[in-house]
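A short worksheet on the structure shown next.
The values are calculated or read from the model by the stated rules, or taken from the named source; none is laboratory data. These numbers were taken from a predicted model, which means no experiment stands behind them. Every residue, glycine as well, gets a Cβ built from its backbone with ideal geometry; the counts of neighbours run over all protein chains shown. Keep in mind that these areas ignore ligands, DNA and RNA; they rest on the heavy atoms of the full protein, side chains included. Shrake-Rupley method; radii C 1.70, N 1.55, O 1.52, S 1.80 Å.
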Amino acid sequence: IGAGVESMSVDHIPGGGFNTTNPRAQEFPGARDCLLPMGITSENVAERYGVTREEQDMAAVESHKRAAAAIASGKLKDEIVPVATKIVDPVTKAEKPIVVSVDDGVRPNSNMVDLAKLKTVFRPDGSTTAGNASQISDGAGAVLLMKRSLAMKKGLPILGVFRSFAVTGVDPAVMGIGPAYAIPAAANLAGLKVSDIDLFEINEAFASQYVYCCKKLELDVNKVNVNGGAIAIGHPLGATGARCVATLLHEMKRRGKDCRFGVISMCIGTGMGAAAVFERGDSVDDLSNARVEANGTGH
């Protein structure tokens with residue numbers, strides 16, 4: 001079982017920086033850039049690769065639109081475990097029992113006009129706003145991985161097969177571009193091309209990096225984050241990986257034979273990208289991760 005939880009509403013540093021660092025880190029450009037607040041790296045991506053404010057806001061509107069549609073249609077119910085808890089009124093201290101069964105950060109009425117009114121957060125002349133970046137969210141997620149033989153023995157449904165995983169390094173000043181490099185690497189490890197992938201879940205840490213990665217890989221946006229992404233749903237850091245896997249595998253199951261391979265990917269602070277390839281559980285054949293070497297031997 002791989003599980004993660006994050007309560008960003010309790011423990012979050014605005015801008016994604018660090019409370020304390022070794023002062024010597026400032027003496028080395030590579031180390032210094034690893035300490036950049038995430039929001040600044042978003043601005044760096046937008047500036048370096050020419051991602052406009054309008055493009056970012058459009059991506060945000062689409063994220064909310066898709067997430068709202070997924071919730072309304074009941075698509076996300078299979079991947080969400082309702083949690084019974086309570087909320088406490090900060091003034092009266094009165095407790096009220098609630099059941100959390102849906103992501104509550106989605107804004108169905110999000111639109112370009114309203115987003116255009118928001119001020120930039122990290123640079124006065126920048127383009128990253130509270131509306132086109134992932135939310136400060138609390139969340140938890142878990143995934144279960146086991147041998148196929150054991151799953152069959154226990155009679156458990158096989159949603160997907162974990163085919164490959166890759167981590168790549170990128171310039172920490174533009175850490176958001178990580179998925180653009182990790183996705184081809186992971187696909188290659190699975191013996192595939194990016195064009196072989198039917199569905200993508202790319203974490204929307206910031207709209208700038210999300211837009212850039214889709215452009216760089218020349219992805220069909222109708223295959224990426226089809227049920228919304230972190231801008232709408234949220235990005236509780238420790239839970240996002242499991243959340244993306246759950247969303248991807250359930251959507252692959254719904255699409256059936258038209259969706260054989262899926263990818264999840266995200267950028268990582270200090271300059272990394274990670275990606276994993278999954279195959280739909282009921283479409284397994286002889287495909288393996290073995291690659292043939294130049295001398296004809298496998299490994």
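Amide H contacts under 5 Å for Phe206: Ser134, restricted to partners 5 or more places along the chain or on a different chain, H placed in the peptide plane at 1.01 Å from N.
If I take R0 = 41 Å and measure r between the Cβ atoms of Lys86 and Lys153 in this structure, what FRET efficiency does the formula 1/(1 + (r/R0)^6) give, to the nearest 0.05? Mind dumping the intermediate values first?
Working: r = 40 Å, r/R0 = 0.97.
Efficiency computed from Cβ-Cβ geometry: 0.55.
Given a 1.4 Å probe and the protein chains as shown, Val121 ends up with an accessible area of around 90 Å². Counting only lysines at least 8 places from Lys193 when in the same chain, those with an alpha carbon closer than 19 Å to its own are Lys215, Lys216, Lys223, Lys257. Here the spin labels are modelled as points 7 Å beyond Cα on the Cα-Cβ line, and at Ala69 and Asn22 they lie 5.0 nm apart.
With θ taken as phi - 60° and the Karplus curve 6.51 cos²θ - 1.76 cosθ + 1.60 applied, the whole-hertz 3J(HN,Hα) list for the stretch 193-204 is 10, 4, 5, 7, 7, 8, 8, 10, 10, 10, 4, 8 Hz, x standing for glycine and proline.
Between amide H atoms placed 1.01 Å from N, distances below 5 Å from Phe122 occur with Thr128, all of them 5 or more places distant or on a separate chain. Whole-Hz Karplus values for the stretch 266-278 come out as 7, 8, 9, x, 6, x, 9, x, 10, 8, 9, 10, 10 Hz, taken residue by residue from phi with 6.51 cos²θ - 1.76 cosθ + 1.60 and θ = phi - 60°; glycine and proline positions read x. Less than 5 angstrom separates the built amide H of Val170 from those of Met272, Gly273, all sequence-distant by 5 or more or on a different chain. The phi torsions of the stretch 224-239, fed into the Karplus equation with coefficients 6.51, -1.76 and 1.60 and a -60° offset, translate into couplings of 10, 6, 5, 10, x, x, 5, 4, 8, 7, x, 9, x, 3, x, 10 Hz, rounded to whole numbers, with Gly and Pro shown as x. For the chain, the share of accessible area belonging to carbon and sulfur comes to 57 percent (1.4 Å probe, ligands and nucleic acids excluded).
A protection proxy built from the mean count of other Cβ atoms within 10 Å ranks the segments 191-197, 65-71, most packed first, as 65-71, 191-197.
Each Lys and Arg contributes +1 and each Asp and Glu -1, all at the Cβ; summed about the Cα centre of the stretch 29-114, the dipole is approximately 300 debye.
Based on DSSP H segments of at least four residues, each scored -39500 (n - 2.57), the chain has a per-residue ellipticity at 222 nm of -9000 deg cm²/dmol. Between Glu279, Glu95, Glu47, the Gaussian network model of the chain with springs among Cα atoms under 10 angstrom shows the greatest mean-square fluctuation at Glu95. Please identify the helices of the chain, taking whole runs of DSSP H, that span at least 15 Å along their own axis as judged from the Cα atoms and have a mean Kyte-Doolittle score of 0.0 or higher. Span-like helices here: 178-189.
In this rough spin-label picture, where each label sits 7 Å from Cα along the Cβ direction, the Phe165-Lys119 distance is 4.2 nm.
Between the DSSP loop rule and a limit of at most 14 other Cβ atoms within 10 Å, which trypsin sites (Lys or Arg not before Pro) in the stretch 78-180 are left? Write down the numbers at each step before the final one.
Details: sites: Lys86, Lys93, Lys117, Lys119, Lys147, Arg148, Lys153, Lys154, Arg163; in loops: Lys93, Lys117, Lys119, Lys147.
Sparse-neighbourhood loop trypsin sites (Lys or Arg not before Pro): Lys93, Lys117, Lys119, Lys147.
Using a cutoff of 8 angstrom between alpha carbon atoms and counting only pairs six or more residues apart, the relative contact order for the chain works out to 27 percent.
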